Amino acid sequence: MKTLTWAARGVAAVSGAVLAGALLAPSAVAHSGPDPKGPAKHTSGKKTPAKKTPAKKTPAKKKPVKQAPVKPVVEEPQQGQVAGRKCVTSRDVASTVVDYSGSGLFETVFRSATDEQGHAFLNDSRNPGVWINLALVPGAPKCVHDTALSVTEENPGHLYITLLAGDGTLHHATCTSSSSAPFTPANLATACAPGFTELPDTPV
């Protein structure tokens, strides 16, 4: 009987100790899981703000620096220029021939040509390779776009030269042609005296 009595006392003592421990345990330990009213993964209730990746700044486009236009140096008008502006044209050629067999100028060919700078030239077939600048004749326009030639059959005869200027006006000269001497830079101005004159009322 004594043995059972001590056993019953031991069980009672152990039960009392367990009960006392359960009553003294903090409430946080008594829950088997997280507080259903609290935050899911953090006991303080504060959320850690997500780190923001700074947006890349697009470099501003630099505005082009405007430069003042360079003013061209204007020289005195020369052959191939009109009022200081450079004359640019397409090339042109013309020709005429004396076809009267009774003339001493028979089969003499006169040719005219222009270059891309508006200069006009004359060639006499009796003087091969020599191109005479028509600017030697007084009154010749500064910028020539086109030329035309015609000739009479007599000896001496006449060579008619017509030049189309850059402003659209026509200029005309009459030159005396002779079988005694071809046209040269030395005698052309005299042969074409008084020089070029503007044809009136040129349609431009």
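FYI, it's all coordinate maths here, none of it is from the lab. Just so you know, these numbers come straight off a predicted model, no measurement behind them. Virtual Cβ from ideal backbone geometry, glycine too; neighbours counted across all protein chains shown.
Couple of notes before you dig in:
- By the Kirkwood approach, averaging reciprocal distances over each pair of separate Cα atoms, segment 137-189 gets a hydrodynamic radius of 12.1 Å.
- ³J(HN,Hα) computed for each position of segment 128-133 - Karplus, 6.51 cos²θ - 1.76 cosθ + 1.60, integer Hz, glycine/proline x: x, x, 9, 10, 8, 5
- What the Cβ-Cβ distance of S95 and D201 gives, at R0 = 30 Å and to the nearest 0.05, is a FRET efficiency of 0.60.
- Remark: segment 194-202, residue by residue, has Karplus-estimated 3J(HN,Hα) of x, x, 7, 10, 6, 6, x, 6, 5 Hz, where x stands for each Gly or Pro and the curve is 6.51 cos²θ - 1.76 cosθ + 1.60 at θ = phi - 60°.
- Long-range HN-HN contacts of A120 with modeled amide H, under 5 Å: L134, A135
- For S90, net neighbour charge (Lys/Arg +1, Asp/Glu -1) across residues whose Cβ lies under 12 Å away: -3
- Scanning residues 5 or more positions from H158 or on other chains, those with amide H under 5 Å from its amide H are T152, S177, with H placed 1.01 Å from N in the peptide plane.
- Other residues within the sphere of radius under 11 Å centred on the Cβ of S101, judged by their own Cβ, net out at -3 (K and R +1, D and E -1).
- Nonlocal amide H pairs with C143, under 5 Å, H built at 1.01 Å: G80, G166
- Near H171: Cβ cut-off under 14 Å, other residues only, Lys/Arg at +1 and Asp/Glu at -1. The net charge is -3.
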